[in-house]
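Student: Submitted below is the structure of interest, expressed as structure tokens.
A short reminder: the numbers here are calculations on the coordinates, not readings from a lab. Keep in mind the model is a prediction, meaning the values are calculated, not measured. Don't worry about glycine lacking a Cβ; one is built from the backbone with ideal geometry, like all the others, and counts go over all protein chains shown.
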Amino acid sequence: MNTNSERVALSVNVNKVALLRNSRHLGIPSVVRAAEMCLKAGAQGITIHPRPDERHIRASDVAELHALMQAWPEREFNIEGNPFHNLMDHVRVVRPHQVTFVPDSEGQFTSDHGWTFPQDAESLKPLIDECKALGVRVSLFMDPLPEQMAAARAVGADRVELYTEPYAASWGTPDNAVQLHRYADAAAAATQAGLGLNAGHDLNLDNLPAFVTAVKGLQEVSIGHAFMADALELGYSATVQAYLACLAK
């Protein structure tokens, strides 16, 4: 288990590249080219979140990114989304390294909460079992609630991804220390339960170093919106390097 003496992996979410491309019919910017440039710059993985309405990532993107990742066998392809919508259709075809189950609704603007146990256990278990039978690691998107971690492990999850928007929203306020303590406690509970630990949502160059320092056992962060905002100014390669430097701290 990573104790933060090892490098925390950066998985770049390229959804926003697809969102910009979809605003016209020219095929630019290229989602595959963005992913390739991030991988060449040292990103350890690529994340996508295809939704049923294809407002950003399309089915064709999933196939093309899967093909790209064959040239990078040591890097991770992570597909996230709601397993009760269209996610499993993609997982069954491409068999990514990791799938992250997220309980968002079809028209939801962005993910805003995690799974809840025991309420979600019965419906999730057969899909978790199916993914693991396909050789796909399963991560569950979870709120930072220590008491929920053992239940996530019991239902078959390999990892949890801590939903970090409350931490990010508290950045620069007196509540930040309290929020950071919540995530450290949840991480400790996840580790104790035998879970791997990911995190994501609104992490950025400002708030990431403190989070990585405080949250022990962190293995991977998935960053999209802030990453792409920085890349508009710095370029993909420089932005990857900037985030990797934060993770190294």
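Student: Would you check which residues across the range 125-183 are of a type in the set (Phe, Trp, Tyr) and in contact (Cβ under 8 Å) with a residue 40 or more places away in the chain and list them? Talk me through it step by step, then tell me what you get.
Tutor: From the range 125-183, those of a type in the set (Phe, Trp, Tyr) are 141, 163, 167, 171, 183; that's our starting set.
Residues satisfying the conditions are 141, 163, 167.
Student: Search the range 188-244 for residues being polar (S, T, N, Q) and more than 23 Å from residue 177 (Cβ to Cβ), and hand back the single one that is surrounded by the most Cβ atoms within 10 Å (Cβ to Cβ).
Tutor: Taking the candidates together, the pick is 222.
Student: Quick check on the range 228-237. Is at least one of its residues of a type outside the set (S, T, N, Q) and assigned to a loop (DSSP other than H, G, I, E, B)?
Tutor: Yes: the range 228-237 contains one or more residues that are of a type outside the set (S, T, N, Q) and assigned to a loop (DSSP other than H, G, I, E, B).
Student: Sticking with this structure for a sec: Name the single residue, out of those in the range 129-161 being aliphatic (A, V, I, L, M) and in a helix (DSSP H, G or I), that is farthest from residue 192 (Cα to Cα).
Tutor: So the first thing to find is which residues in the range 129-161 are aliphatic (A, V, I, L, M), and the list is 133-134, 136, 138, 140, 142, 145, 149-152, 154-155, 157, 160.
Pick out the ones that are also in a helix (DSSP H, G or I) and you get 133, 149-152, 154.
Details: 133: 25, 149: 9, 150: 8, 151: 12, 152: 12, 154: 13 Å.
Of everything passing the filter in the range 129-161, 133 is farthest from residue 192 (Cα to Cα).
Student: For the range 37-64: of the residues being among the aliphatic types (A, V, I, L, M) and crowded, with 23+ Cβ neighbours inside 10 Å, which is nearest to residue 100 (Cα to Cα)? Walk me through how you get there before you give the answer.
Tutor: Going through the range 37-64, the residues among the aliphatic types (A, V, I, L, M) turn out to be 37, 39, 41, 43, 46, 48, 57, 59, 62-63.
Those still in the list that are crowded, with 23+ Cβ neighbours inside 10 Å too: 43, 46, 48, 57.
On the way: 43: 18, 46: 12, 48: 10, 57: 16 Å.
The residue in question is 48.
Student: Of all residues in the range 67-96, which are touching a Gly at 6+ places or on another chain (Cβ under 8 Å) and hydrophobic (A, V, I, L, M, F, W, C)?
Tutor: Once the filter is applied, which keeps residues that are touching a Gly at 6+ places or on another chain (Cβ under 8 Å) and hydrophobic (A, V, I, L, M, F, W, C), the range 67-96 yields 77, 87.
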